[in-house]
1. How big is the antiparallel share of DSSP beta bridges in the chain, given as a percent to the nearest 5?
2. Just to confirm my numbers, what's the Cα centroid distance between the stretch 164-192 and the stretch 33-78 in Å?
3. With a ≥ b ≥ c taken as the square roots of the eigenvalues of the C-alpha gyration tensor of the stretch 4-145, please select rounded if a/c is under 1.5 and otherwise prolate if a/b is larger than b/c or oblate if it is not?
4. Projecting each Cα onto the charge dipole of the chain (Lys/Arg +1, Asp/Glu -1 at the beta carbon, about the Cα centre), which of 204, 129, 277 comes out farthest on the positive side?
5. So which residue, out of 329, 18, 208, gets the largest mean-square fluctuation from a GNM of the chain using Cα contacts under 10 Å as springs?
6. Two decimals is fine: what's Rg over Rh for the chain, C-alpha atoms, Kirkwood radius as Rh?
7. At a probe radius of 1.4 Å, what is the per-residue accessible area of residue 315, in Å² to the nearest 10?
8. Can you compute the modelled spin-label distance between residue 233 and residue 279, with each label point 7 Å from Cα toward Cβ, in nm?
Amino acid sequence: MENQANMPAAPGNYTENQMLGVMLVGLGEYSSGQLGPALKETKHCCLKAVASGDPAKRKKWQQEYNLKEEDLYSYDNFDDIKNNPGIDIVYIVLPNSMHAEYVIRAAKAGKHVICEKPLATTVADCQRMIRACQEAGVKLSMGYRLYFDHFNQEMMRLGQEKVMGNIKRIIADDSMDVGEKNQWRLKYQLSGGGPLVNNGVYCVRAAQYVTGEWPVAVSARFLPKTDPDKFKEVEEGIEWEMEFENGLIASCVSSYSRNGNLLRVEAENGWFELEPAYEYEGLKGKTSQGDMDFPAVNQQAVQMDDFAICLKNKEESRIPGEMGLRDVQIMTAIYESAKTGKKIKLQLAPADNLIHI
Ligand code: NAD
């Protein structure tokens with residue numbers, strides 16, 4: 001797509017050996033614990049800049065990652081990144097409802113974007129974000145790190161290639177004890193939902209990448225609240241079914257008041273499962289034929305390198321914004337079903353995006 005006249009040119013024409021500059025926006029736990037350290041291991045990109053509202057945090061990152069003063073941004077001067085040619089990729093790691101604003105601002109500054117999950121808190125926001133990136137001629141990728149983990153890749157292979165025959169049943173659980181009461185994850189305005197959108201999104205995604213298909217309907221129920229004061233604004237737990245065209249059901253659950261981390265697939269001639277399935281490391285896989293054995297990878301490092309390689313080769317990311325949009329459409333329907341008690345039929349994005357499973 002052509003750049004609009006008033007927009008800076010999108011970065012492009014990279015050389016094979018170039019280290020693309022990444023900017024992290026939001027220096028909370030995920031950036032500090034995972035993405036920053038991963039960017040010390042990446043081979044196609046490196047940390048170039050950060051944005052945070054906290055000057056002390058910016059200073060700390062400057063020292064740890066040897067950043068230049070002019071590469072430290074606040075949210076107020078964020079738009080000045082358009083004048084910083086060293087930034088190629090902006091990675092949005094803010095609370096969920098802030099993703100839309102910052103993805104759009106990054107796109108308007110002519111930067112390629114990675115956005116954390118969930119892409120946004122509404123379908124309309126997802127569509128605006130995708131449109132803004134298209135109009136700016138920049139690429140939008142999701143932070144779906146499990147696409148780069150060998151155990152989850154094996155689940156995709158076993159399921160999509162029907163190695164053990166047709167899938168009969170999928171069971172998925174991603175739950176965590178959410179912890180203290182005042183965090184943004186428990187505030188609807190910032191999170192857009194409870195465990196479904198923060199953890200359950202992994203189950204929603206896994207059911208699709210194991211089958212290689214999109215669901216056609218969902219039904220769901222909220223679980224009873226054991227701490228109604230803590231869970232005033234979002235659900236404490238939710239269980240849902242995703243129904244596929246051939247009648248296959250994925251039974252999923254996600255809770256904020258216990259731990260759980262399972263992806264199990266039962267097929268005609270055997271079963272395969274991961275437990276834990278969605279962690280950063282320490283994944284374990286078993287099949288009815290024996291244990292899985294794969295080397296550990298730094299999921300985030302491979303994920304960011306993969307996007308950098310896509311940009312160098314001018315290829316689409318295999319985890320594009322459209323995939324994030326589809327998951328938000330599905331989760332919106334799951335909430336609608338839990339609220340109304342009705343099964344909700346899904347009408348997802350056009351079929352030519354089917355390659356993005
Ligand atoms: P966090 O609370 O640790 O960090 C959020 C950051 O946003 C903080 O630096 C905070 O200062 C900043 N912020 C700016 N405005 C804010 C506001 N109004 N309220 C609260 N914080 C504000 O959260 P996190 O765990 O780093 O999560 C950030 C994003 O990353 C979320 O979208 C989350 O879903 C995603 N995430 C993804 C993974 C993954 O495995 N892919 C893991 C954790 C988090």
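1. Working: 34 of 58 bridges.
So the antiparallel bridges in the chain amount to around 60 percent.
2. Between the Cα centre of the stretch 164-192 and that of the stretch 33-78, the gap is 29 Å.
3. Details: a/c = 1.44, a/b = 1.21, b/c = 1.20.
It is rounded, given that a/c, with a ≥ b ≥ c, falls under 1.5.
4. Comparing the listed Cα positions along the dipole, 129 ranks first.
5. Fluctuation is largest for 18.
6. Working: Rg = 20.1 Å, Rh = 20.9 Å.
That ratio equals 0.96.
7. Its heavy atoms expose roughly 90 Å² to the probe.
8. In this crude spin-label approximation the distance works out to 3.0 nm.
The values are calculated or read from the model by the stated rules, or taken from the named source; none is laboratory data. Small disclaimer: the values here were computed from a predicted structure and weren't measured. When we count neighbours, we look across all protein chains shown, and the Cβ atoms used for this are built from the backbone with ideal geometry, even at glycine. In case anyone asks, the SASA skips ligands and DNA or RNA and just uses the protein heavy atoms, side chains included. Shrake-Rupley method; radii C 1.70, N 1.55, O 1.52, S 1.80 Å.
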